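Beneath this line is the structure, given in structure tokens, with notes to follow.
None of the figures in this text is laboratory data; all of them are computed from the coordinates on show. These figures come from a predicted structure and were not determined experimentally. All Cβ positions, even for glycine, are placed from backbone atoms using ideal geometry, and neighbour counts span all protein chains on display.
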Amino acid sequence: MSVVQEITYNEDKPMNPNHSLEIIFMILNGILDYTSNLEERTPSIFDHYNHDQYNDTSLLSVSTTYSDSSSTDSNTSSILDKLDYEDFIVYAYKKLGFSSHLLILSMMNLDKLLTKKFILTSENIHKAFFICMMETQKYYEDENFKNKDYAKVCGITTDELLELELEFMNYMDFNINIKEEEYINYKNRLQNLYKKNIIISNEYVRIDDEETEDTSF
């Protein structure tokens, strides 16, 4: 039985997804505040650059060397340009039909990624967290979307998605298994942070429980 299934049955009150998003955003903002002051940051395959803001083609080439014929349509290809990372994660959360359990597991995998000397920046956070979400869902749920659908949600090509997936799994030594005890401890730490009112709620993070989930692609 998967960690998600075990926790679902063993926990009386799963962590509210709004609380999970808020505390995760607080943590991510703290990481970005730190990395923004680093003097040297090596471009990575995960980097996303706004073409209107960055004119260095040597940096852009990292993420524009893909030539998959199944390119995304105009409505999704500009997702990374239009949305800041918080809005993007909320958008992906809804599109993928995520639970709070999967969201926490995704954050745990991102934590693992950071221990592998991966530097999280404003240029790569969209793709890095999305790949963590995608791989977590693939690993812990029996039914998943097709790669072309994941790519469409992210606004990239399927070829780029596969490149990112392989890079991520190499960083993780092809092991994203999380033990139940690790999950419970991590979840409790997040809940304690939330209860101490360390974070400030942002209304746009709120997810309407009665809203019908949009799973169309």
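Tabulated data for the structure shown
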{"item": "Environment charge at Leu80 (Cβ cut-off 12 Å; Lys +1, Arg +1, Asp -1, Glu -1)", "result": "-4"}
{"item": "Two-site label geometry, Leu38 and Leu193: point separation in nm, points 7 Å out along Cα→Cβ", "result": "1.9"}
{"item": "Cut-off 15 Å (backbone N to label point 7 Å along Cα→Cβ of Asp81), residues of the range 148-181", "result": "155-157"}
{"item": "Stretchable slack from Phe174 to Lys94, in nm (0.36 nm times residue separation minus alpha-carbon distance)", "result": "26.1 nm"}
{"item": "Unsatisfied cross-links (Cα-Cα over 29 Å) in the set Lys112/Lys152; Lys82/Lys148; Lys146/Lys195", "result": "Lys146/Lys195"}
{"item": "Charge context of Ile45, other residues only, Cβ under 10 angstrom, K/R +1, D/E -1", "result": "-3"}
{"item": "Tensor-based shape of the range 72-201 (alpha-carbon gyration tensor, a/c under 1.5 rounded, otherwise prolate or oblate)", "result": "prolate"}
